[in-house]
1. How do 27-33, 41-47 rank on mean C-beta neighbours within 10 Å, highest first?
2. Work out, step by step, the length gained on full extension between THR33 and ARG15: first 0.36 nm times the residue separation, then minus their alpha carbon distance; give nm to one decimal.
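Nothing in this text is a laboratory measurement; each read-out follows from the coordinates by a stated rule. Keep in mind that this is a model prediction, so the values were computed, not measured. Cβ placement follows ideal geometry from the backbone for every residue including glycine, while neighbour counts extend to all protein chains displayed.
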Amino acid sequence: MTAEPTTASPPEWTRVRATARADREFLARAAETVVTVGIQQLVDLGTGIPTSPAPSTIPSPGEAHHGGA
């Protein structure tokens, strides 16, 4: 049995994009917070899809932060 491909209407994709952006913004804030309190290693168990900023690119305390994409 093969599943039929589905297409989402533009409003649905708008919500998907907004949710994905909000998720990435939360991840960046969370990573910055744990680095600020002294945690030096993070494990990113992501999907493998390249995104920005990657947790490995978030500066540690004392490094200049120039913001994300």
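1. Per-residue mean Cβ counts within 10 Å order the peptides as 27-33, 41-47.
2. Difference between extended and current length: 3.8 nm.
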